1. Name the residue that is surrounded by the most Cβ atoms within 10 Å (Cβ to Cβ), counting only residues in the stretch 66-90 that are among the aromatic types (Phe, Trp, Tyr) and at pLDDT below 90.
2. What are the pairs, 6+ residues apart or on separate chains, where a residue within the stretch 24-42 that is on the phi < 0 side of the Ramachandran plot and touching a residue at least 12 places away in the same chain (Cβ under 8 Å) has its Cβ under 9 Å from a residue that is in a loop (DSSP other than H, G, I, E, B) and of a type in the set (A, V, I, L, M, F, W, C)?
3. Quick one: what pairs do we get from the stretch 54-82, first residue polar (S, T, N, Q), second not in a strand (DSSP E or B), C-beta under 8 Å, 6+ apart or different chains?
4. Output the residues belonging to the stretch 37-65 that are at pLDDT 90 or above and under 24 Å from residue 24 (Cα atoms).
5. Filter the stretch 91-107 for residues that are in a loop (DSSP other than H, G, I, E, B) and either surrounded by 13 or more Cβ atoms within 10 Å (Cβ to Cβ) or modelled with pLDDT of 80 or more (or both) and give the result.
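The values are calculated or read from the model by the stated rules, or taken from the named source; none is laboratory data. Everything numeric in this text was worked out from a predicted model, so none of it was measured. Counting neighbours? That spans all protein chains shown, and the Cβs are built from the backbone with ideal geometry, glycine included.
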Amino acid sequence: MRVAPTSSAAALLLHGAPEGYPLGHPVDGEQHIPRLRGVPENRVPEVLCAFNDRGRATDPSAAGLHFFRADEALLPIIGSPAKYALTFAPYRLVLTPDLTIGEAMAP
């Protein structure tokens, strides 16, 4: 069976993991959602900023980054996560990006 991607996000997922992409994490459910460790209370940031609006964080060490944006905005980061490691390192925490990976999932 040949799988033809229907979107650039699907193409990225079907062509394998890019350098810096974390592999080997435990997953749950039919859609293989990664199971993540909880964040200790002392690591919860005072403010969350979008990854593409980092200027809102006056003190990155007290801020967290989120990725709740359109899938298209995430593709450069998902495609080469190692490239962004130093850019995101000053932040207290970085929430994991999530892409719509199936037609049954909400966009």
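1. Keep residues of the stretch 66-90 that are among the aromatic types (Phe, Trp, Tyr), which gives 67-68, 84, 88.
Restricting the remaining residues to those that are at pLDDT below 90 gives 67-68.
Numbers: 67: 18, 68: 11.
Step by step, filter the stretch 66-90, then rank; the result is 67.
2. Matching pairs, first to second residue: 31/101; 31/104; 31/105.
3. Listed pairs, sorted by first residue: 61/90; 61/91; 61/92; 80/18; 80/19; 80/20.
4. Hit for the stretch 37-65 is 65, nothing else.
5. Step one: filter the stretch 91-107 for residues in a loop (DSSP other than H, G, I, E, B), giving 91-92, 95-107.
Correct list: 91, 92, 95, 97, 98, 99, 100, 101.
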